[in-house]
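Novice: I have a structure I would like to understand better, so I am pasting it below and will then ask my questions one at a time.
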Amino acid sequence: MKIKKTYKFALKTSLHITVVLSLAMCVFLYAFYTINWFYLLLFACVCYGLSFSVIQHRAQNFIYKRINKIYEDLTLLESTTFRKRPVTTDMATLTAEIDRFARDKKLEIETLKIREEYRKEFLGNVSHELRTPLFTVQGYLETLIDGAAEDKNIRDKYLDRASKGVERLVYIVKDLDMITKLEAGDVRIQVQNFNIIELIEDVFDLFEMKASKKNITLTFDRDYVKPIMVIADKEKIQQVLSNLVVNSLKYGKEKGTTEISVENLIKNKVIIRVTDNGEGVIKENIPRLFERFFRVDKSGSRKEGGSGLGLAIVKHIIEAHDEKIYIESEFGVGSEFSFTLEKTE
């Protein structure tokens, strides 16, 4: 049977007191009187009983209630951590609970600090990304209002540039809305069977003119005679491929190549690789490529436009499919982004 901690404490302490007092009584009787073992045993029993009662009462009211108060105070701070087990006067157990509570709180504080830094960085990035096109549009419109609108050539040129600034603002806001929904889990994945080769060809058609302006060739690694059927959200995977191709063209070299390959990974998986021989990424920057607004070359990428959210959106879409995305890159040589998809038999 399990004995209550306060009883154990009272029993042991009472025994110690009784032994000490009984020995003292033996010495006293031996020195002044004769020892009567019956009365000595009776004295020991009475002493033990009284000691137990007093100590148990004091332990219950003085120690147990104060420890219980500590548990109650801690419960207010973390209701899920305490009160799952009965309150105990065992100091080791209580110390372990408090240590665990302190570690949990320290971890929470560190997490909150990281989130706060991330929030500040994110707000700073959003402000910076929106400020550039806003100031551009504002500048052109103010110039036109101040009288430049009278000159038809200047008016048309400034209106065209202002329009491009507005387009970039809309692009950034749409991407922000998309990534916010993806992170919140509000975007549903509508899976269907489709030919991934056909979808890649459609993406090539979309960016053929953009690639030709930089003399970059969009190509497959080989001829795909048979279709390769996959199970995924066709629209979302098209956005993934589009973002990866745009990223490849943005950092691609003049007269370079962007190549896509589709390979069997395991029985029910394929891996799609988007490879280029562009600028590449230094090793230190690779872990940050999927962060929102992170740019390897801030000046160069801004000239090319974009929201700075493309790769972050890619990562969230692939993870929403419960798939994996990988990157290999070498500075000055090129980069390869690859992701997995489930395929049909």
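Novice: For the pair residue 145/residue 328, report the inter-label distance in nm, with labels modelled 7 Å from Cα in the Cβ direction.
Specialist: Result: 5.5 nm between the two label points.
Novice: Still on this structure, please answer the following. Can you give the FRET efficiency to the nearest 0.05 for residue 231 and residue 12, using r as the Cβ-Cβ distance and R₀ = 51 Å? Don't jump to the answer; show the numbers that get you there.
Specialist: Details: r = 69 Å, r/R0 = 1.34.
It comes to 0.15.
Novice: Still on this model: Which of 105/324; 226/269; 234/343; 210/253; 164/213 have a Cα-Cα distance over 21 Å? Walk me through the numbers on the way to the answer.
Specialist: Values: 105/324 32 Å; 226/269 17 Å; 234/343 13 Å; 210/253 13 Å; 164/213 18 Å.
In this structure, 105/324 exceed 21 Å between Cα atoms.
Novice: Between residue 40 and residue 98, what length comes free when the chain is fully extended (0.36 nm per residue of separation minus the Cα-Cα distance, one decimal in nm)?
Specialist: Numbers: separation 58, 0.36 × 58 = 20.88 nm, distance 4.62 nm.
Net length gain for the segment: 16.3 nm.
Novice: Still on this structure: Work out the FRET efficiency for residue 156 and residue 114 from their Cβ-Cβ distance, taking R0 = 41 Å, and round it to the nearest 0.05.
Specialist: Computed FRET efficiency for residue 156 and residue 114: 0.25.
Novice: For segment 113-224, how big is Rg over Rh, using alpha carbon atoms and the Kirkwood form of Rh?
Specialist: On the way: Rg = 20.7 Å, Rh = 18.4 Å.
Result for segment 113-224 is an Rg/Rh of 1.12.
Novice: Subtracting the Cα-Cα distance from 0.36 nm times the residue separation, let me have the gained length for residue 53 to residue 268 in nm, one decimal.
Specialist: Values: separation 215, 0.36 × 215 = 77.40 nm, distance 7.32 nm.
Gain on stretching residue 53 to residue 268: 70.1 nm.
Throughout, read-outs are computed from the coordinates displayed, never taken from laboratory work. Nothing here was measured: the structure is a model prediction, and the numbers come from that model. Heads up, the Cβs are rebuilt from the backbone with ideal geometry, glycines too, and the neighbour counts pull from every protein chain shown.
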